[in-house]
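Structure first, then comments.
The values are calculated or read from the model by the stated rules, or taken from the named source; none is laboratory data. What you are looking at is a predicted structure, and each value in this text was computed from that prediction instead of being measured. Using ideal geometry, Cβ is built from the backbone for each residue, glycine included, and neighbour counts are taken over all protein chains shown.
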Amino acid sequence: MQYRVDKKSGNKLSVLGLGCMRFPRNLGVTDLKKAEGIVLDSIEKGINYFDTAWFYRGNEEALGIILERNKVRDKIYIATKMPAMLVGKTKDLDHFFNEELQCLRTDRVDYYLIHNLADLASWDHLVNLGIESWIEEKKKNGQIGQIGFSFHGTLEEFMKILDA
């Protein structure tokens, strides 16, 4: 496996990550046995970056169970995503984050992304709720390693968010 060093954190990340969105499912429920095989095989082959999200229902829980059961949390980096479009009040920031930590069975997220920003208004909404100080607090206490966002909009809106 090849690795790259994240210059901000110093983390040595595998160039291939495992996206958990498409864990095998059986009758709409994550097939834990098959998912466990995929996760453990990936770790054995050197993959250490695992990406999941609130909206990938069942996958944070499955990943958490697998990591806890096999005692491999400290061998990997977890990236998950805040469901920004569901955040309506300041208290929702902690609500969703704490539930994600509980599902993942961990006390920290290595990479936390604000999921699915589509325009400047969606970012401004979060800023008005205090997300910048919230992020600062979570990073300071070690619950979030690195922060980022995923974007699903126009180039013009992307540039506005970057400028903000």
## Note on the structure
The condition of being more than 20 Å from Gly145 (Cβ to Cβ) and at pLDDT 95 or above holds, among Lys81, Lys75, Lys12, Lys89, only for Lys89
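Tell me, which residue of segment 103-124 that is touching a residue at least 12 places away in the same chain (Cβ under 8 Å) and part of a helix (DSSP H, G or I) is surrounded by the fewest Cβ atoms within 10 Å (Cβ to Cβ)?
This residue is Asp124.
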### Residue satisfying all of: in segment 69-88; of a type in the set (Lys, Arg) and without any contact (Cβ under 8 Å) to a residue 60 or more places away in the chain; surrounded by the most Cβ atoms within 10 Å (Cβ to Cβ) among these
Arg73
### Query
Within segment 130-149, can one find any residue that is buried (at least 17 other Cβ atoms within 10 Å of the Cβ) and in contact with a Phe, Trp or Tyr (Cβ under 6 Å, 6 or more places away or on another chain)?
yes
### Message
Return the residues of segment 125-147 that are more than 21 Å from Gly88 (Cβ to Cβ) and assigned to a helix (DSSP H, G or I); say none if nothing qualifies.
### Response
Glu136, Lys139, Lys140
### Message
Return the residues of segment 44-73 that are part of a loop (DSSP other than H, G, I, E, B) and of a type in the set (Gly, Ala, Ser); say none if nothing qualifies.
### Response
Gly46, Ala53, Gly58
### Query
So, in segment 1-23, of the ones that are of a type in the set (D, E, K, R) and part of a loop (DSSP other than H, G, I, E, B), which residue ends up farthest from the chain's Cα centre (by Cα)?
Lys7
### Query
If you take the residues of segment 24-52 that are aliphatic (A, V, I, L, M) and over 18 Å from the mean Cα position of the chain (by Cα), which of them is farthest from Gly148 (Cα to Cα)?
Leu27
### Task
Could you check how many residues of segment 4-17 are farther than 11 Å from Tyr77 by Cβ and free of Cβ contacts under 8 Å to residues at least 40 places away in the same chain?
6
